[in-house]
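Attaching a single structure in structure tokens format; questions to follow.
The values are calculated or read from the model by the stated rules, or taken from the named source; none is laboratory data. Everything quoted here is computed from the prediction, not taken from an experiment. Here the Cβ positions follow ideal geometry from the backbone for every residue, glycine too, while neighbour counts run over all protein chains shown. Side chains included, ligands, DNA and RNA excluded: accessible areas come from the protein's heavy atoms. Shrake-Rupley method; radii C 1.70, N 1.55, O 1.52, S 1.80 Å.
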Amino acid sequence: MGVDLELADVAQARYQFDSCQDSGRLCVHDPDCEENLHRFLSRGPSAFPYRRVGDINETMQLTGMGYEAKPEPWTLQADDPGDEQARQDRSAADLRWRSQTAPGMAGIPAFKLRSSDGWLVTTREIDEALAAYAQVPAEERASLEDDSKWVSWLEWLALARERGGFQAE
């Protein structure tokens, strides 16, 4: 199974564009949602080029950049589709759930790279992962960086940090 990783700003623009399209009304946002999405997409690659990241997850755990944890289950809350406040509350709850981490742990939880549940990897998690990697002995980092996929991962993390994190879908 593969997981698609997309920069957070692009994923958000895509979500907004899809919501406007699904509404059946003309977009009232400024800038226009389609224009906004294309603006983000024109900034360069928006997705990590590899879909299978099990080996990356393993290396992240070995280097202290990630950790094993089980995600909290999602509890579906029924609401009145016409109630705007209920919709906003549910959206905020969904965002908190997709951004969850394990208390007392640092780095990126492995479960976020194992499924396509729309997990959000935050800039804080990326900062923690990169800080842990900086503590790995130079010889070990040099050995890991012989792998072009791992180097791509490190570059991806740096880019994602600048773009608000990333989403695993």
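Go ahead and set up a Gaussian network model of the chain, Cα springs under 10 Å, then flag whichever of ALA13, ALA134, ALA47 fluctuates most.
ALA134
Follow-up. With the Cα gyration tensor of the range 1-59 giving a ≥ b ≥ c as the square roots of its eigenvalues, does the rule (a/c under 1.5 for rounded; else a/b larger than b/c for prolate; else oblate) give rounded, prolate or oblate?
Judged from the Cα gyration tensor, the range 1-59 comes out prolate (a/c at least 1.5, a/b above b/c).
Loop-only check: which chymotrypsin sites (Phe, Trp or Tyr not before Pro) in the range 73-169 are DSSP coil with at most 12 other Cβ within 10 angstrom?
TRP74
Still on this structure, please answer the following. Evaluate the relative contact order of the range 1-76 (contact order divided by residue number), counting alpha-carbon pairs under 8 angstrom at least 6 apart; express in whole percent.
Dividing the mean separation by the residue count of the range 1-76 yields 39 percent.
Calculate the FRET efficiency for ARG87 and LYS149 from the Cβ-Cβ distance with a Förster distance of 35 Å, rounded to the nearest 0.05.
0.30
Let me ask another. With angles folded into 0 to 90 degrees, how steeply does helix 123-134 sit against the dominant principal axis of the chain? Use alpha carbons for both and round to 10.
Once rounded, one gets 10 degrees.
Sticking with this one: Taking the Cα centroid of the range 88-105 and of the range 1-63, what is the distance between the two, rounded to the nearest whole Å?
18
Using a Förster radius of 22 Å, what is the FRET efficiency between ASP94 and ASP127 based on their Cβ-Cβ separation? Nearest 0.05, please.
It comes out at approximately 0.40.
Something else: Report, to the nearest whole %, how much of the accessible area of the chain belongs to carbon and sulfur atoms, 1.4 Å probe, protein only.
Answer for the chain is 51 percent, counting heavy atoms of protein chains only.
Run the paramagnetic zone check for ALA69: 7 angstrom along Cα to Cβ, then residues of the range 106-121 with backbone nitrogen under 11 Å.
It comes to 106-112, nothing else.
Working from Cα positions, state the angle (0 to 90°, nearest 10) between the long axis of helix 148-162 and the longest principal axis of the chain.
Result, in degrees: 50.
Same structure, new question: Cα axis of helix 84-98 to longest principal axis of the chain: angle in degrees, 0 to 90, nearest 10?
Relative to the chain, helix 84-98 is tipped by roughly 10 degrees.
With every protein chain kept in place and ligands, DNA and RNA left out, what is the accessible area per residue of the chain? Probe 1.4 Å, answer in Å².
59
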